[in-house]
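Q: My structure is below; once you've seen it, I'll send some questions.
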Amino acid sequence: GAGVSQSPRYKVAKRGQDVALRCDPISGHVSLFWYQQALGQGPEFLTYFQNEAQLDKSGLPSDRFFAERPEGSVSTLKIQRTQQEDSAVYLCASSLEREYEQYFGPGTRLTVT
Amino acid sequence: EDQVTQSPEALRLQEGESSSLNCSYTVSGLRGLFWYRQDPGKGPEFLFTLYSAGEEKEKERLKATLTKKESFLHITAPKPEDSATYLCAVRVTGFQKLVFGTGTRLLVSP
């Protein structure tokens, strides 16, 4: 079956621009996660949804980062007024239920120039 | 603070040369330890979940084990296609997020 998909795969933004990153989870998966991965590092948690409810946003680095999942399926991570330190790979993961294993998408590589 | 430490950072093996990767953790309460494989330019690929000390899981040339302080990923007779970064992560009681280590970069030469 289809895995987690993310778009775009690559995004170049000028400093100060807003960006929106999309995640399509595996069909039927109720839990959705966003992670940020810097080069040579492991993924770091940003935020977590159970259906449409955002239950944990403790990893969002600033109020410039905003995530939503309005219908409990597709999710969007929005970054306002991008900064160079936002350059990273943004990974989305989904799991069937709470406490299950998470399956990752291919990521979106964001470069802020 | 919950922490995951992986060693070595990088490992170079000859094809057929077995070895082990280490993942040590310090957490308030473990609700699962996860191993993932990540190829360059791709997202992490799920390998195993371990829940309690003494548990073992196998898949082809890989075997994961768990103690109260660490996990090992044993690679038996590796092949070049096993070359990747192997990530270890923990889920802590009360949270759904995964806390990752920095990974071990494995290179298997023919």
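Please treat every number below as a calculation from the coordinates, not as lab data. In this text the structure is predicted, and so the values were computed from the model without any measurement. Backbone-built Cβ (ideal geometry, glycine too); neighbour counts: all protein chains shown.
Q: How many residues are closer than 17 Å to A:Y35 by Cβ and either touching a helix residue (DSSP H, G or I) at 6+ places or on another chain (Cβ under 9 Å) or surrounded by 14 or more Cβ atoms within 10 Å (Cβ to Cβ) (or both) when one looks only at the stretch A:79-89?
A: 5
Q: Return the residues of the stretch B:2-28 that are more than 14 Å from B:L62 (Cβ to Cβ) and within 13 Å of another protein chain (Cβ to nearest Cβ); say none if nothing qualifies.
A: Selection gives B:D2, B:Q3, B:V4, B:T5, B:Q6, B:E9, B:A10, B:Y25.
Q: Of the conditions (1) more than 12 Å from every other protein chain (Cβ to nearest Cβ); (2) loosely packed, with under 13 Cβ neighbours inside 10 Å, A:E97 satisfies every one except a single condition; which number is it?
A: Going through the list (1) more than 12 Å from every other protein chain (Cβ to nearest Cβ); (2) loosely packed, with under 13 Cβ neighbours inside 10 Å, A:E97 breaks only (1).
Q: I've got another one for you. Could you list, ordered by first residue, the pairs with Cβ atoms under 6 Å in which the first is in the stretch B:49-74 and away from chain A (no Cβ under 14 Å) and the second is part of a strand (DSSP E or B) and among the charged types (D, E, K, R), at least 6 apart or interchain?
A: B:T65/B:E56; B:H74/B:K63
Q: Of the numbered conditions (1) surrounded by 14 or more Cβ atoms within 10 Å (Cβ to Cβ); (2) of a type outside the set (S, T, N, Q); (3) within 12 Å of chain A (Cβ to nearest Cβ); (4) touching a Leu at 6+ places or on another chain (Cβ under 8 Å), B:L98 satisfies every one except a single condition; which is it?
A: (4)
Q: Going through the stretch A:1-35 one residue at a time, which ones are within 13 Å of another protein chain (Cβ to nearest Cβ) and more than 13 Å from the chain's Cα centre (by Cα)?
A: Within the stretch A:1-35, A:G3, A:Y10, A:I26, A:H29, A:V30 qualify.
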